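Each remark here refers to the structure printed beneath this line.
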């Protein structure tokens, strides 16, 4: 059973910033990040319950998947048969800069 994926605009904007930053350093790294992001979306859509719960003050229903050498975290929520991606976080940054 596959879940539908809904990526919120804030998460897309955040991913764009990460890719833009990496592209200034290495185009290959930016491409790699995007490819891993797409693979992560597919993995989450196939088995969203496999990944850990995300501890936050906002919701107990949030989960996350690490990707791209465990440097980035996709934060999402499962609602019935849908996945809502709320944030793409750089795990090397302080959490108070994150959207969630």
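For region 39-65, taking the residues that are over 15 Å from residue 2 (Cβ atoms) and free of Cβ contacts under 8 Å to residues at least 12 places away in the same chain, the one that is surrounded by the most Cβ atoms within 10 Å (Cβ to Cβ) is identified as 53. Examine region 66-85 for a residue that is closer than 16 Å to residue 7 by Cα, surrounded by fewer than 19 Cβ atoms within 10 Å (Cβ to Cβ) and out of contact with any strand residue (DSSP E or B) (no Cβ under 8 Å at 6 or more places or on another chain), and state whether such a residue exists. Yes, region 66-85 contains at least one residue that is closer than 16 Å to residue 7 by Cα, surrounded by fewer than 19 Cβ atoms within 10 Å (Cβ to Cβ) and out of contact with any strand residue (DSSP E or B) (no Cβ under 8 Å at 6 or more places or on another chain).
Note on region 24-67: residues that are assigned to a helix (DSSP H, G or I) and more than 14 Å from the chain's Cα centre (by Cα) amount to 11.
Note on region 68-88: residues that are more than 8 Å from the chain's Cα centre (by Cα) and assigned to a strand (DSSP E or B) amount to 6.
Each value in this text was obtained by applying a stated rule to the coordinates, not by laboratory testing. What you are looking at is a predicted structure, and each value in this text was computed from that prediction instead of being measured. FYI the Cβ positions are ideal-geometry reconstructions off the backbone, even for glycines, and counts take in every protein chain you see.
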